[in-house]
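Student: Attaching a single structure in structure tokens format; questions to follow.
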Amino acid sequence: MSESVRAMAHPPRWLFDLLGTDPLSEGEEVVYEGQRFRLINGVLRGDFAMLSSAQAQTSDSFGFKWAKRETFESEAVSRRTHAWLVERYGEIENAPWWGSYGRQPLVLDAGCGAALSALELFATRLTAVRYLGIDLSKAVDVAARRFAEHGYRAGFMQADVADLPFADGSVDVIFSEGVLHHTDSTERSLKSLAHLLTSGGRILFYVYRRKGPIREFTDDYVRELVQNMTPEETWDALMPLTKLGKALGELAVEIDVPEAIDLLGIPAGRIDIQRLFYWHVLKAYYHPDYALDELNHITYDWYAPRNAHRQTLAEVRAWCSESGLSIERENVQEAGITIVARKG
């Protein structure tokens with residue numbers, strides 16, 4: 001471990017203040033709001049004995065994926081990830097509303113993974129906030145290390161984002177990029193997080209959108225097939241699908257769908273053959289700048305986790321309304337739904 005990483009291994013004092021406990025030393029534990037946490041390698045870790053089998057499998061899947069740092073840390077992935085995040089959320093790094101939260105607002109990254117999205121979207125804003133990365137999987141250790149390597153001071157917890165031990169109204173900004181649909185209930189998780197927001201606080205989240213019937217069938221079929229595989233076996237089993245997406249993409253061929261096929265949710269018009277497969281048949285991602293393992297990272301991300309719910313825009317809007325959230329920004333794409341909403 002480098003000196004810079006070692007120096008940042010202990011949680012910041014404000015994290016213990018948030019929990020209302022005295023700071024812990026390595027190996028010590030605390031019970032807060034009925035939940036037991038132990039400080040291990042600088043991360044507060046909960047007790048997950050009561051997780052559903054689906055949630056436990058989902059956690060293991062992502063722990064494996066985010067440990068493969070070589071599959072998501074290239075300049076190409078960083079550039080594409082940043083552009084896609086800004087396209088959907090806007091320029092969050094310098095959003096005008098940060099000034100509403102005083103000095104060092106509390107930012108909760110609910111399901112931080114390896115912190116890829118947070119580092120790209122918030123960027124230098126991370127020097128002016130109290131960032132708390134929370135993930136159910138061991139990916140939280142990757143996130144902590146990557147933050148330290150960037151020189152950012154932050155707190156990290158291994159905990160269930162659907163059942164966090166924080167007081168209502170204690171968090172200024174919640175970020176949950178592609179996570180809520182990986183819990184046992186997207187709706188329940190969103191509403192649980194909304195309770196934590198201060199009045200005027202904001203939540204930024206992205207959830208999968210329901211797609212056409214062939215794609216939905218294929219998604220469920222493939223996901224079911226890999227459930228009894230180890231993460232390593234799943235990674236290998238999905239590689240041929242990834243190679244198909246790459247082969248289709250490299251063709252660079254467009255076809256003309258002469259008439260909308262409403263029965264299958266396929267619109268009329270010209271479309272690249274890889275995109276036709278990708279949106280309407282199966283998840284076979286392609287980007288010309290990505291290496292094969294980087295492409296397979298995305299295929300694995302989609303098919304490996306047991307919990308991968310898809311939502312409608314009507315559902316998401318209703319849940320926000322019921323949670324007292326006013327939607328300020330709404331970006332709807334074929335893949336999913338991105339929301340920026342304000343509490344109160």
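Student: State, in angstrom, two size descriptors of the chain derived from its alpha carbons: Rg to one decimal place and Dmax to the nearest whole number.
Tutor: That works out to 20.2, 67 Å for Rg and Dmax.
Student: Now, a different point. If you average 1/r over all unlike Cα pairs in the stretch 1-113 and invert the result, what Kirkwood radius do you get in angstrom?
Tutor: Working: mean 1/r = 0.0565 Å⁻¹.
Mean inverse Cα-Cα distance, inverted, gives 17.7 Å.
Student: Right, next: Under 5 Å between amide hydrogens, which residues at least 5 positions from E328 or on another chain qualify, with H placed 1.01 Å from N in the peptide plane?
Tutor: V340, A341, R342
Student: Now for a different question. With the crude spin-label approximation of a point 7 Å out along Cα→Cβ, what separation in nm comes out for S100 versus D163?
Tutor: For S100 paired with D163, the spin-label model returns 3.2 nm.
Student: Computed FRET efficiency, Cβ-Cβ of F48 and A260, R0 51 Å: what is it to the nearest 0.05? It would help to have the intermediate numbers written out before the result.
Tutor: On the way: r = 47 Å, r/R0 = 0.91.
E between F48 and A260, to the nearest 0.05, is 0.65.
Student: At what distance in angstrom do the alpha carbon centres of the stretch 228-248 and the stretch 49-121 lie from each other?
Tutor: 24
Student: Still on this structure: Lysines within cross-link reach of K243: Cα-Cα under 29 Å, excluding same-chain residues under 8 positions apart?
Tutor: K65, K68, K138, K211, K283
Student: Leaving out ligands, DNA and RNA, and with a 1.4 Å probe, what % of the accessible surface on the stretch 22-162 is carbon or sulfur?
Tutor: Working: 2860 of 6010 Å².
Its accessible area is 48 percent carbon and sulfur atoms.
Student: What ³J(HN,Hα) values, in whole Hz, does the Karplus curve 6.51 cos²θ - 1.76 cosθ + 1.60 give for the stretch 187-199 when θ = phi - 60°, with x put for Gly and Pro?
Tutor: 4, 4, 5, 4, 5, 5, 5, 4, 4, 7, 6, 5, 5
Student: Could you work out how much longer the chain between E328 and S74 gets when fully extended? Use 0.36 nm per residue separation minus the Cα distance between them, nm to one decimal.
Tutor: On the way: separation 254, 0.36 × 254 = 91.44 nm, distance 3.25 nm.
In short, 88.2 nm is gained.
Student: Counting only protein heavy atoms, what percent of the accessible surface of the stretch 230-290 is carbon or sulfur at a 1.4 Å probe? If you can, show how the numbers build up before the last one.
Tutor: Details: 2060 of 3430 Å².
Of the solvent-accessible surface of the stretch 230-290, carbon and sulfur hold 60 percent.
Student: Tell me, what is the per residue accessible area of the chain in Å², probe radius 1.4 Å? Could you put the intermediate results ahead of the total?
Tutor: On the way: 15130 Å² over 344 residues.
Dividing the accessible area of the chain by its residue count gives 44 Å².
Student: Report, in deg cm²/dmol and to the nearest 500, the calculated mean residue ellipticity at 222 nm for the chain, where each DSSP H run with n ≥ 4 adds -39500 (n - 2.57) and the sum is divided by the residue count. Before the final figure, lay out the partial values.
Tutor: Details: 12 runs with 136 residues, N = 344.
That comes out to -12000 deg cm²/dmol.
The values are calculated or read from the model by the stated rules, or taken from the named source; none is laboratory data. All values derive from a computational prediction rather than experimental measurement. FYI the Cβ positions are ideal-geometry reconstructions off the backbone, even for glycines, and counts take in every protein chain you see. Areas reflect the complete protein model, heavy atoms only, side chains present, ligands, DNA and RNA absent. Shrake-Rupley method; radii C 1.70, N 1.55, O 1.52, S 1.80 Å.
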